[in-house]
1. Could you look through the range 104-131, keep only residues that are among the acidic types (Asp, Glu) and surrounded by 11 or more Cβ atoms within 10 Å (Cβ to Cβ), and pick out the one that is nearest to residue 2 (Cα to Cα)?
2. Name the single residue that is surrounded by the most Cβ atoms within 10 Å (Cβ to Cβ) among those in the range 21-36 being among the small types (Gly, Ala, Ser) and outside any strand (DSSP E or B).
3. Find the residue count for the range 46-100, including only residues that are of a type in the set (Phe, Trp, Tyr) and within 16 Å of residue 36 (Cβ to Cβ).
4. Collect the residues in the range 89-133 that are part of a helix (DSSP H, G or I) and either modelled with pLDDT under 95 or in contact with a Cys (Cβ under 7 Å, 6 or more places away or on another chain) (or both), keeping them in residue-number order.
5. Being in contact (Cβ under 8 Å) with a residue 24 or more places away in the chain and not aliphatic (A, V, I, L, M) is true for just one of 121, 84. Which residue is that?
6. In the range 44-58, how many are under 15 Å from the mean Cα position of the chain (by Cα) and either closer than 23 Å to residue 109 by Cα or in a loop (DSSP other than H, G, I, E, B) (or both)?
7. Quick one: would you say residue 101 is surrounded by 13 or more Cβ atoms within 10 Å (Cβ to Cβ), in contact with a Phe, Trp or Tyr (Cβ under 9 Å, 6 or more places away or on another chain) and over 20 Å from residue 16 (Cβ atoms)?
8. For the subset of the range 80-133 comprising residues that are in contact with a helix residue (DSSP H, G or I) (Cβ under 9 Å, 6 or more places away or on another chain) and among the acidic types (Asp, Glu), which member is farthest from residue 55 (Cα to Cα)?
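The values are calculated or read from the model by the stated rules, or taken from the named source; none is laboratory data. Keep in mind it's a predicted model, so treat the numbers as computed, not measured. A quick note on method: Cβ atoms are made from the backbone with ideal geometry, for glycine too, and the neighbour counts reach across all protein chains shown.
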Amino acid sequence: MRKIEALQILKNTIEKAYCPYSNFPVAALIEGKNGEYAIGVNVENASFGLTVCAERIAMFNFIVNGFSNPIRLFLYAPTEEFTPPCGACRQVLSEFNPEMEIVIFDKEENFKLYKLSNLLPQSFNGENLKGKP
């Protein structure tokens, strides 16, 4: 998917974010190897620990829709600085593709590219569970 196409989808989706406490809307799009995609927005809760980020909702939607092989995350927050995924989202994303490409847009439509493995080196994965007691 072209970056400009993904950004347009994200900008159209971000208004669905439910963020009455932080007023910090975020939209995410997970793209699969075959061009399929799923979207997500952040959904807050008055019990802050129950808030779910856009990245995880997008990944869960991707899986629920029967897609596999995610290759790219597009992320948009209308901020001056680039807003990378939080640690919890990085861990969830790494379960499905630790080498996923991350494309982050700012409010000026500039973008920055990352590799998930650079954002989350030494991630916890299934290999860590093989020697469990």
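1. Applying the filter and picking the extreme gives 109.
2. Out of the qualifying residues, it is 22.
3. Matching residues across the range 46-100 total 5.
4. 89, 126, 127, 128, 129
5. 84
6. The total comes to 7.
7. yes
8. Looking at residues that are in contact with a helix residue (DSSP H, G or I) (Cβ under 9 Å, 6 or more places away or on another chain) and among the acidic types (Asp, Glu), I get 109.
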